[in-house]
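Below you'll find the structure, written out as structure tokens, and then a few comments.
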Amino acid sequence: MNSITLVDAFVDANKWMELFPSIVARAKCVQVISQGVSGTNGCLQLMYAELHMLSPLVPTREAYFLRYCQQQNVEDETYWAIVDFPLDGFHNSLQTSFPLYKRRPSGCLILDMPNGYSRVTWVEHAEIEEKPIHQIFSHFVHSGMAFGANRWLAVLERQCERVASLMATNIPDIGVIPSPEARKNLMRLSQRMIRTFCVNISSCSGQVWTAVPDSSDDTVRITTRKVSEAGQPNGLILCAVSTTWLPYPHHHVFDLLRDERRRAQLEVLSNGNALHEVAHIANGSHPGNCISLLRINVSSNSSQHVDLMLQESCTNKSGSLVVYSTVDVDSVQLAMSGEDPSCIPLLPLGFFITPMELMNDGGCKDEANGHNITTGSLLTVGLQVLASTIPSAKINLSSIAAINNHLCTTVQQISSALSSNCVGSCNEGDN
């Protein structure tokens, strides 16, 4: 992505949210203080942002700040500087209900490179009064991996690849995609699915989450929300999220969950039905960065209407997402015909996989069975169900018990599948 396109995304709050769906939950330009000259050069805006982690166990960070954009010449090279800085002395009346999160001078320098690329240098600098964080995420947050510069850059790099793929006209797709416009619409639908999933499994927008009393590690949280607008099924939605530490590398977990052929091993996620890929859109250099349209092959004696599943998987150095939602054939045809896909109802489920290193208090790697544990991952599972088609309905205990049981079974089956895969690969290595 070139510098002009990047700068435009930073000064437009909606584009900024789209560029960082797994970090920026909400954003808006409160006031344009200075328009700047020659486009965005010298632009100064009062911004609001709510930053989230993809788990209700990590508090959201909310802030008002000033964002300044300027072109700079340094040693015969032209940079764009995007700088965020606090409001101290400007607006004392802007208070937030969240824990203190104040952006100290932060941002990025963007240098144009050949062939439409950019070199980006990022700085994150903040003053934080953190609410207590669940211990399973404490290392991830306190080390800076959750909201630090490395994560911003990793997500930016991934999203730039995705945007380049969206605009490309020479990438061959596989399957039943009839035109470039159909491809773009399917990608936009998938982007909305990702964004909906990210927002609905975090603590953004003041969502109130309740702990499930009998969860073993106190990591299961549930919430409900009433939906009456287009884009999601209307009614009362029940959402459950849990996070589990797994002693397997991040990419092993990602490969299991993104592969529709291996997902059939996980009966709780496939309902015993086989999945067959009917369309495939590659949108990044890693083979796991792709969008798939999957046909759900129900058993021959079933009276179920055959549905499709839209799935997007994406990975970067800071973590991976696998998100999917069932869609009916008519909705897919609507999107592919060039109609606006924003009305298609999506209720996404999925996984957020975070690479982790376990460190004990002495700074040494933990041990298990006499072996050093050097890598592991945190698996966050987010499930959503339409509990009632009436938004004003009340949730009952049986629905909560059912989704909690489904969540626990999902984690158990994933752990078992990873364990058997590991044993198989180890035995092959021994032979």
Next on the checklist: When you scan region 334-357, do you find a residue that is over 27 Å from the mean Cα position of the chain (by Cα), modelled with pLDDT under 85 and assigned to a helix (DSSP H, G or I), even just one?
Outcome noted: no
Next on the checklist: Quick check on R192: is it under 30 Å from E229 (Cα atoms) and touching a Ser or Thr at 6+ places or on another chain (Cβ under 9 Å)?
Outcome noted: yes
Next on the checklist: Looking at region 26-41 only, could you name the residues that are farther than 14 Å from F10 by Cβ and assigned to a loop (DSSP other than H, G, I, E, B)?
Outcome noted: Q35, S38
Checklist entry - Do the conditions hold for A282, that is, is it surrounded by fewer than 20 Cβ atoms within 10 Å (Cβ to Cβ), modelled with pLDDT of 90 or more and not polar (S, T, N, Q)? => result yes
Checklist entry - Is it true that some residue in region 32-41 is surrounded by 19 or more Cβ atoms within 10 Å (Cβ to Cβ) and of a type outside the set (D, E)? => result yes
Checklist entry - Quick one: how many residues across region 71-109 are at pLDDT 90 or above and part of a strand (DSSP E or B)? => result 12
Checklist entry - Counting just the residues of region 379-416 that are assigned to a helix (DSSP H, G or I), of a type outside the set (A, V, I, L, M, F, W, C) and more than 22 Å from L321 (Cβ to Cβ), which one comes out least open to solvent (accessible area, probe 1.4 Å)? => result N404
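Can you list the helices (runs of 4 or more DSSP H) found entirely within region 235-298 that contain at least 2 residues being touching a residue at least 60 places away in the same chain (Cβ under 8 Å) and either in contact with an Asp or Glu (Cβ under 8 Å, 6 or more places away or on another chain) or within 21 Å of G376 (Cβ to Cβ) (or both)?
Of the helices (runs of 4 or more DSSP H) lying wholly inside region 235-298, those with at least 2 residues that are touching a residue at least 60 places away in the same chain (Cβ under 8 Å) and either in contact with an Asp or Glu (Cβ under 8 Å, 6 or more places away or on another chain) or within 21 Å of G376 (Cβ to Cβ) (or both) span 250-258.
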Checklist entry - Taking region 39-69 on its own, how many of its residues are touching a strand residue (DSSP E or B) at 6+ places or on another chain (Cβ under 8 Å) and either more than 18 Å from A146 (Cβ to Cβ) or of a type in the set (A, V, I, L, M) (or both)? => result 20
Next on the checklist: Out of everything in region 27-45 that is of a type outside the set (S, T, N, Q) and closer than 24 Å to R195 by Cβ, what residue ends up being nearest to the chain's Cα centre (by Cα)?
Outcome noted: A27
Next on the checklist: Considering only residues that are in a helix (DSSP H, G or I) and either open to solvent by 30 Å² or more (accessible area, probe 1.4 Å) or more than 18 Å from N316 (Cα to Cα) (or both), which ones fall in region 130-160?
Outcome noted: Q135, I136, F137, S138, H139, H142, N150, L153, E157
Checklist entry - R263: crowded, with 20+ Cβ neighbours inside 10 Å and more than 18 Å from the chain's Cα centre (by Cα), yes or no? => result yes
Checklist entry - Limited to region 193-250, what total is found for residues that are of a type in the set (D, E, K, R) and closer than 24 Å to M17 by Cβ? => result 5
Checklist outcome for this item: Restricting attention to region 202-229, the residues that are surrounded by 15 or more Cβ atoms within 10 Å (Cβ to Cβ), touching a Ser or Thr at 6+ places or on another chain (Cβ under 7 Å), hydrophobic (A, V, I, L, M, F, W, C) and not in a strand (DSSP E or B) number exactly 3
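The values are calculated or read from the model by the stated rules, or taken from the named source; none is laboratory data. Please read all numbers here as calculations on a predicted model, not as lab measurements. Counting neighbours? That spans all protein chains shown, and the Cβs are built from the backbone with ideal geometry, glycine included. Note: areas computed on protein heavy atoms with side chains; ligands, DNA, RNA excluded. Shrake-Rupley method; radii C 1.70, N 1.55, O 1.52, S 1.80 Å.
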